Amino acid sequence: MSGAVAGAESSLFPVENLPYGVFSGEDGGRRIGVAVGDFVLDAGGAARALGAGREDAELLSAPLLNPLMAAGPPRWRSVRRWLTQLLSEPGNASLVEPHLYARASVRLHLPFAVADYVDFYSSEQHATNVGRILRPGTEPLPPNWKHLPIGYHGRAGTVVVSGTPVRRPWGQENDVGDPAPRFAPSAKLDVEVEVGFVVGVGSSLGESVRADSFAEHVFGLCLLNDWSARDIQAFEYVPLGPFLAKSFATSISPWVVPLAALQAARCEPPPREQEPPPYLAEAEPWGLDLRLELECNGTVVSRPPFAAMYWTAAQQLAHMTVNGASLRTGDLYGSGTVSGPTAGEWGSFLELSWNGTRPVRLADGSERAFLEDGDVVAIRGTAAGTAGAPIGLGEVKGQILPAPRRA
């Protein structure tokens with residue numbers, strides 16, 4: 001059925017999707033936008049002009065998503081219901097048209113102010129591959145891996161929107177047999193194909209959030225690239241884990257897809273060898289069948305399947321708060337690298353090149369063990385839609401710039 005925006009129903013951004021972002025036009029003013037077809041709807045402008053409720057219009061007129069996210073599920077449903085009704089009716093085309101911008105003509109910004117950033121390690125295949133690469137001859141999975149979602153805290157201040165260039169970081173690195181580490185630009189710069197989850201409703205310090213309360217707190221998801229300097233990581237991560245190897249940049253897509261758009265993508269996670277502890281139990285699991293792809297310089301090198309993730313986003317949220325740690329509006333947490341069982345489904349060059357021993361061939365004939373200066377990396381994704389066609393999760397892209405000069 002056609003709606004108020006021509007071509008939307010045959011695109012990756014039909015009315016059943018309606019992801020939120022922040023954009024600016026020629027005047028430079030930032031405003032909340034909703035992706036529909038090849039356009040961005042100025043949500044605040046449309047709400048003020050076309051009869052949305054006063055509170056909905058105020059939330060949609062903010063320059064960031066944080067006020068809308070903090071308003072909670074009843075308000076999320078109210079706003080989505082109004083947008084869906086407005087954009088589903090073909091007779092509204094002339095009313096909507098003044099508030100539409102061609103998506104290719106606008107600038108997209110970081111859609112929300114990031115409060116905290118946490119990243120997990122929840123793909124069994126990825127964790128197994130990394131164990132085999134970095135600890136050959138030993139059990140690849142850490143002994144605690146199937147008992148809890150392993151994670152680390154990152155830097156909220158270095159989360160950037162898609163399209164932001166990423167500078168190669170400096171750090172200490174040490175090859176096997178070297179008498180001492182050296183300080184140098186990373187020679188093993190890598191990507192991690194991930195999905196990010198965005199918290200809308202916070203919680204109080206000392207309060208834990210149950211896995212079954214996931215949809216009461218999480219507003220939606222985005223695509224995420226947890227850039228990683230593998231040589232720096234290998235030297236620093238014992239005993240406390242990633243630090244400088246990860247904190248220089250994390251890129252996210254500009255669109256936050258609401259959980260309400262993802263109901264058709266829900267699926268059961270992989271079978272478990274043992275029941276998780278009660279705080280990680282889910283009555284209705286939040287596994288998600290998302291199709292992702294990793295592209296380097298125009299060549300798709302991997303298609304990681306998110307449905308294979310061992311720990312769900314709801315379990316990650318429960319684990320993140322079980323000790324009483326509080327949530328804040330704008331908290332972002334990453335799924336961890338998404339990898340499937342075959343080489344064409346691995347979500348990092350560490351795995352794809354097996355730590356540089358099996359370089360990946362690109363369409364132009366060049367090979368990559370890890371990223372080189374000038375390389376452009378893109379992650380894209382889709383999910384099953386309720387109408388039977390896929391809906392888009394957008395794209396997160398970044399280009400590698402040379403390391404800054406040091407005095």
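The values are calculated or read from the model by the stated rules, or taken from the named source; none is laboratory data. Predicted model, so just to flag it, every value in this text is computed and none were measured. Note that each Cβ is placed from the backbone with ideal geometry, even for glycine, and that neighbours are counted across all protein chains shown.
May I ask you to verify whether Asp27 is farther than 22 Å from Ala215 by Cβ and either without any contact (Cβ under 8 Å) to a residue 40 or more places away in the chain or assigned by TED's automatic domain parsing to the domain that holds Phe214 (or both)? Give the steps one after another, and end with the answer.
Details: farther than 22 Å from Ala215 by Cβ: yes; either without any contact (Cβ under 8 Å) to a residue 40 or more places away in the chain or assigned by TED's automatic domain parsing to the domain that holds Phe214 (or both): yes.
Against the criterion (farther than 22 Å from Ala215 by Cβ and either without any contact (Cβ under 8 Å) to a residue 40 or more places away in the chain or assigned by TED's automatic domain parsing to the domain that holds Phe214 (or both)), Asp27 qualifies.
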Exercise. When the stretch 51-84 is examined, which residues are found to be at pLDDT 95 or above and not in a helix (DSSP H, G or I)?
Worked result: Ser61, Ala62, Pro63, Leu64, Leu65, Ala71, Gly72
Seminar exercise, completed: If we ask which residues in the stretch 176-198 are touching a residue at least 24 places away in the same chain (Cβ under 8 Å), among the hydrophobic types (A, V, I, L, M, F, W, C) and not in a loop (DSSP other than H, G, I, E, B), their number turns out to be 5
Exercise. Can you find a residue in the stretch 88-106 that is in contact (Cβ under 8 Å) with a residue 24 or more places away in the chain and under 27 Å from Leu317 (Cα atoms)?
Worked result: no
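One line per residue, one yes/no per condition, for (1) farther than 23 Å from Ala343 by Cα; (2) modelled with pLDDT of 95 or more; (3) crowded, with 18+ Cβ neighbours inside 10 Å:
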{"position": "Arg266", "(1), (2), (3)": "yes, yes, no"}
{"position": "Gln274", "(1), (2), (3)": "yes, no, no"}
{"position": "Pro277", "(1), (2), (3)": "yes, no, no"}
{"position": "Gly287", "(1), (2), (3)": "no, yes, yes"}
{"position": "Pro305", "(1), (2), (3)": "no, yes, yes"}
{"position": "Ala318", "(1), (2), (3)": "yes, yes, yes"}
{"position": "Val322", "(1), (2), (3)": "yes, yes, no"}
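From Asn323, Asn297, grab the single residue that is of a type in the set (S, T, N, Q) and farther than 28 Å from Ala115 by Cα.
Working: Asn323 fails: farther than 28 Å from Ala115 by Cα.
From the options Asn323, Asn297, the qualifying one is Asn297.
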Exercise. Within the stretch 232-262, can you find the residues that are farther than 30 Å from Gly385 by Cβ, crowded, with 19+ Cβ neighbours inside 10 Å and free of Cβ contacts under 8 Å to residues at least 60 places away in the same chain?
Worked result: Gln233
Exercise. What single numbered condition from (1) of a type outside the set (S, T, N, Q); (2) under 30 Å from Pro67 (Cα atoms); (3) surrounded by fewer than 16 Cβ atoms within 10 Å (Cβ to Cβ) fails to hold for Leu134?
Worked result: (2)
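Kindly check whether there is at least one residue in the stretch 10-22 that is under 23 Å from Ala387 (Cβ atoms) and either touching a Cys at 6+ places or on another chain (Cβ under 6 Å) or surrounded by fewer than 17 Cβ atoms within 10 Å (Cβ to Cβ) (or both).
First pass over the stretch 10-22, keeping only residues under 23 Å from Ala387 (Cβ atoms): 10-21.
Remaining after also requiring either touching a Cys at 6+ places or on another chain (Cβ under 6 Å) or surrounded by fewer than 17 Cβ atoms within 10 Å (Cβ to Cβ) (or both): 10.
Yes, the stretch 10-22 contains at least one residue that is under 23 Å from Ala387 (Cβ atoms) and either touching a Cys at 6+ places or on another chain (Cβ under 6 Å) or surrounded by fewer than 17 Cβ atoms within 10 Å (Cβ to Cβ) (or both).
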Exercise. Can you name every residue in the stretch 249-304 that is closer than 30 Å to Arg230 by Cα, within 17 Å of the chain's Cα centre (by Cα) and assigned to a loop (DSSP other than H, G, I, E, B)?
Worked result: Ala249, Ser253, Pro254, Trp255, Asp289, Arg303, Pro304
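Select, from Ala264, Ala215, the only residue that is in the same structural domain as Gln172 (by TED's automatic domain parsing), of a type outside the set (D, E, K, R) and in contact with a helix residue (DSSP H, G or I) (Cβ under 9 Å, 6 or more places away or on another chain). Working first, answer last.
Working: Ala264 fails: in contact with a helix residue (DSSP H, G or I) (Cβ under 9 Å, 6 or more places away or on another chain).
None of the others qualify; the one that does is Ala215.
Could you tell me whether Cys222 is buried (at least 19 other Cβ atoms within 10 Å of the Cβ) and either closer than 23 Å to Leu294 by Cα or touching a strand residue (DSSP E or B) at 6+ places or on another chain (Cβ under 8 Å) (or both)? Step through it out loud before you land on a result.
On the way: buried (at least 19 other Cβ atoms within 10 Å of the Cβ): yes; either closer than 23 Å to Leu294 by Cα or touching a strand residue (DSSP E or B) at 6+ places or on another chain (Cβ under 8 Å) (or both): yes.
So Cys222 fits the description; yes.
Out of contact with any strand residue (DSSP E or B) (no Cβ under 9 Å at 6 or more places or on another chain), outside the structural domain of Ala35 (by TED's automatic domain parsing) and modelled with pLDDT under 95 - does that describe any residue in the stretch 240-259? If you could, list the steps in order and put the result at the bottom.
So the first thing to find is which residues in the stretch 240-259 are out of contact with any strand residue (DSSP E or B) (no Cβ under 9 Å at 6 or more places or on another chain), and the list is 247.
Still in the running and outside the structural domain of Ala35 (by TED's automatic domain parsing): 247.
If we keep only those that are modelled with pLDDT under 95 too, we end up with none.
Scanning the stretch 240-259, I find no residue that is out of contact with any strand residue (DSSP E or B) (no Cβ under 9 Å at 6 or more places or on another chain), outside the structural domain of Ala35 (by TED's automatic domain parsing) and modelled with pLDDT under 95, so the answer is no.
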